[in-house]
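A short reminder: the numbers here are calculations on the coordinates, not readings from a lab. None of these values were measured; they are calculated from a predicted model. Reconstructed Cβ throughout: ideal geometry from the backbone, glycine too, with neighbour counts over all protein chains shown.
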Amino acid sequence: MSPNRVIGVDLGGTKILAGVIEDGRVLQTVEHPTPTTSQDALFDGLAAAVRDLSLDGVGAVGFGIPSRFDYRTGHALGAVNIPLREVDFIAEMNRRLDLPIGVENDASCAAYAEHAHGAGRGTSYFGTLTLGTGVGGGIIFAGKLLHAWTELGHMVIVADGVPCQGACAGRGHLEAYCSGTAASRIAQEVIGAHATAHDLIEQHHPALETIGHHLGVGIGSLVNIFGLERMAIGGGFGVAAFEQLLPAARRAVLREVLGDGGRDLQIERALLGEGAGMIGAGLIALEAL
Ligand SMILES: [Zn+2]
């Protein structure tokens, strides 16, 4: 038995990934499909995934959810692809599990994990941007995870720019220029109707320079606000295109960031891959102990 043994649960649109974690080491994992028929079925499914693991010596459970989480009310504020609507997440899980519960946005969980065990180790001011279907991110501020909305993908980088994705009614958001979905849309414009982000990468297409530029503009604003010393880029598209996005991103950062902050900023590839959200949820569980 260890006082640091916890369970981390990453709730995704299609699957629930849960694991027993001790000092950053993943001891056991289970994967369940995400129930999407009703909110009750979703909470039951989360509890079932936890009960499938060995609870021996486990002190708390942390959840990474694809939703904003309001610390003032304890409410999850709704997600796009799963039945989670304005609900007291902790109360619902307390009804189903006899363990302390922690909860945080999934992208913040991934940033937390990268800071503790991956690309952010050794820093006090660190950020991540995950370029996948959408763009997510998290911030470590003064050595601690910033428990805020941190919808970094919905930062405006072009005033009155292109419409954002999915349920977002905004314009000119980072996500609309730098997500894998945006890259595939751009590929269809510059290569052909069936092209995807993967083709841009394979062809070393100059359109990646424009995407890198937009990414760098966004990173520059984050550095100006949070004084970041390192930024890690993750997500399927972000990791695959990293080397090709970097030069233009770096030039934009040098232009946008005040003083020497742009030159000093380290931009790295995220290291933990798909397990980052689950490992970070485990760190949230530790805070609930
Ligand atoms: Zn948006």
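Taking region 41-146, which trypsin sites (Lys or Arg not before Pro) meet the DSSP loop condition and have no more than 11 other C-beta atoms within 10 Å? Show your work: numbers first, answer last.
Working: sites: ARG51, ARG68, ARG72, ARG85, ARG95, ARG96, ARG121, LYS144; in loops: ARG68, ARG72, ARG85, ARG121.
Passing both the DSSP loop test and the Cβ count: ARG72.
If you take every residue apart from VAL50 with its C-beta less than 15 Å away from the C-beta of VAL50, what net charge results, scoring Lys and Arg +1 and Asp and Glu -1? Could you put the intermediate results ahead of the total?
Values: positive: ARG5, LYS15, ARG51, ARG95, ARG96; negative: ASP10, GLU31, ASP44, ASP52, ASP56, GLU92, ASP98.
Result for the local shell: -2.
Checking the a/c ratio against 1.5 first, then a/b against b/c, what shape does the Cα gyration tensor give for region 98-159? Provide the component values of the computation, followed by the final result.
On the way: a/c = 1.87, a/b = 1.31, b/c = 1.43.
Oblate is the answer for region 98-159, as a/c is 1.5 or above yet b/c matches or exceeds a/b.
Once R0 is set to 35 Å, what does the formula 1/(1 + (r/R0)^6) return for the Cβ-Cβ distance between ASP98 and TRP149, expressed as a FRET efficiency to the nearest 0.05?
Values: r = 30 Å, r/R0 = 0.87.
According to the calculation, E is roughly 0.70.
No other cysteine beta carbon under 4.7 Å away is the test; run it over the chain and list who passes.
When partners are defined as cysteine Cβ atoms under 4.7 Å apart, the chain leaves CYS109, CYS178 without one.
Which length gain, in nm to one decimal place, applies between SER38 and GLU274 when the Cα-Cα distance is subtracted from 0.36 nm times their residue separation? Before the final figure, lay out the partial values.
Details: separation 236, 0.36 × 236 = 84.96 nm, distance 2.59 nm.
Going from the current span to full extension adds 82.4 nm.
Between GLN266 and ARG85, what is 0.36 nm times their sequence separation minus the Cα-Cα distance? Round to one decimal in nm. Display every interim value, and only then the final one.
Working: separation 181, 0.36 × 181 = 65.16 nm, distance 3.79 nm.
Result: 61.4 nm gained on full extension.
What trypsin sites (Lys or Arg not before Pro) in region 229-259 are in a loop by DSSP, with at most 15 other Cβ atoms within 10 Å of the Cβ?
On the way: sites: ARG230, ARG250, ARG251, ARG255; in loops: none.
Here no loop site has a sparse enough neighbourhood.
Among ILE211, ILE21, what is the fewest-to-most ranking by other Cβ atoms within 10 Å?
Values: ILE211 25, ILE21 28.
Ordered from fewest to most neighbouring Cβ atoms within 10 Å, ILE211, ILE21 come out as ILE211, ILE21.
In degrees, nearest 10, range 0 to 90: what is the angle between the Cα axis of helix 276-288 and the longest Cα principal axis of the chain?
50
In sequence order, what are the phi-derived ³J(HN,Hα) couplings for region 116-128 according to the Karplus relation 6.51 cos²θ - 1.76 cosθ + 1.60 with θ = phi - 60°, rounded to whole Hz, with x for glycine and proline?
6, 10, x, 5, x, 4, x, 9, 10, 10, 9, x, 10
Using only Cα atoms and rounding to the nearest 10 degrees, what angle (0 to 90) does helix 207-226 make with the longest principal axis of the chain?
Rounded to the nearest ten degrees, it is 60.
What does the charge add up to near LEU27, with Lys and Arg as +1, Asp and Glu as -1, over the other residues with Cβ less than 11 Å from its Cβ? Before the final figure, lay out the partial values.
Working: positive: ARG5, ARG25; negative: GLU22, ASP23, ASP56.
So the surrounding residues net to -1.
Could you give the length gained by full extension between LEU289 and ASP56, i.e. 0.36 nm per residue of separation minus their alpha carbon distance, to one decimal place? List each step's numbers first, then the result.
On the way: separation 233, 0.36 × 233 = 83.88 nm, distance 1.53 nm.
Roughly 82.3 nm would be gained on extension.
With only Lys, Arg, Asp and Glu charged, each at its Cβ (+1 for the first two, -1 for the last two), find how big the charge dipole of the chain is about the Cα centre; round to the nearest 20 debye.
340
Could you tell me whether the chain comes out rounded, prolate or oblate from its Cα gyration tensor? Rule is a ≥ b ≥ c as square roots of the eigenvalues, rounded for a/c under 1.5, then prolate if a/b exceeds b/c, otherwise oblate. Write out the running numbers ahead of the final one.
Details: a/c = 1.94, a/b = 1.55, b/c = 1.25.
Prolate is the answer for the chain, as a/c is 1.5 or above and a/b outweighs b/c.
Per-residue HN-Hα couplings for region 59-65, Karplus 6.51 cos²θ - 1.76 cosθ + 1.60 at θ = phi - 60°, whole Hz, x for Gly and Pro?
Values, residue by residue: x, 6, 10, x, 10, x, 10 Hz.
Once each part is reduced to its C-alpha centroid, what is the distance from region 252-289 to region 141-201 in angstrom?
Taking the Cα centre of region 141-201 as reference, the centre of region 252-289 is 18 Å away.
At a Förster radius of 35 Å, what calculated FRET efficiency corresponds to the Cβ-Cβ distance of THR14 and ASN224, to the nearest 0.05?
On the way: r = 36 Å, r/R0 = 1.04.
After rounding, the FRET efficiency stands at 0.45.
At what distance in nm do the modelled label points of GLU189 and VAL162 sit from each other, each positioned 7 Å from its Cα along Cα→Cβ?
Spacing of the two 7 Å Cα→Cβ label points: 0.4 nm.
With a ≥ b ≥ c the root eigenvalues of the C-alpha gyration tensor of region 122-271, is it rounded (a/c under 1.5), prolate (a/b larger than b/c) or oblate? Don't jump to the answer; show the numbers that get you there.
Details: a/c = 1.76, a/b = 1.48, b/c = 1.19.
Prolate is the answer for region 122-271, as a/c is 1.5 or above and a/b outweighs b/c.
Around GLY118, with a cut-off of 12 angstrom between Cβ atoms, what is the net charge of the other residues, counting Lys and Arg +1 and Asp and Glu -1? Show your work: numbers first, answer last.
Values: positive: ARG121, ARG230, ARG269; negative: GLU114, GLU268.
Once positives and negatives cancel, what remains is +1.
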